[in-house]
Amino acid sequence: MRKYCLLLLVFGLVLSVSAETKTLEILPKKETGTLKAKLVPMVAKLKLGTNEFFLKIFDDEGKPFDQAKVRVLIVANMPSMMHGDSIGDGTYVEPGVWTFKAKFSMGGEWAIKVLVKDGESELGSFEFIVSLY
């Protein structure tokens, strides 16, 4: 019986550790243009307040989008409550990767809208839905 309990305890710890380190990738609900994107939170579970994200952008062949001069504009809001806009630019990290912060003031579903621009030309846009429950 002791061995069985110990085995269950070890198995439970392994499951909890693997659940905490799981990377969440969010695909866009809507997208325009030929670019593709994934949103990756820097934490396993989003929280109220400021959260950091990686934004990964790919071309139509799946290669990292490598135009560092492109502006990545971020808007986060809560559509059901019509409030909470958090607007800012993504920070270029490396080809295909930008980081940004979004502030969530309450639990629920939030829309994160991303606009990729080169000067005045729009190269693509994405809308991601994230949930805080």
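The values are calculated or read from the model by the stated rules, or taken from the named source; none is laboratory data. All values reported here derive from a predicted model rather than from experimental measurement. Every residue, glycine among them, receives a Cβ derived from its backbone with ideal geometry; neighbour counts consider all protein chains shown.
One residue is enough: does segment 40-48 have a residue meeting the conditions under 14 Å from V130 (Cα atoms) and touching a helix residue (DSSP H, G or I) at 6+ places or on another chain (Cβ under 9 Å)?
First, the residues of segment 40-48 that are under 14 Å from V130 (Cα atoms): 40-48.
Restricting the remaining residues to those that are touching a helix residue (DSSP H, G or I) at 6+ places or on another chain (Cβ under 9 Å) gives 44-45.
The answer is yes, given that some residue of segment 40-48 is under 14 Å from V130 (Cα atoms) and touching a helix residue (DSSP H, G or I) at 6+ places or on another chain (Cβ under 9 Å).
Checked against the criterion of being under 20 Å from T34 (Cβ atoms) and polar (S, T, N, Q), segment 90-108 contains not a single residue that satisfies it.
For segment 6-17, the criterion of a residue being modelled with pLDDT of 50 or more and exposed (fewer than 11 other Cβ atoms within 10 Å of the Cβ) is satisfied by no position.
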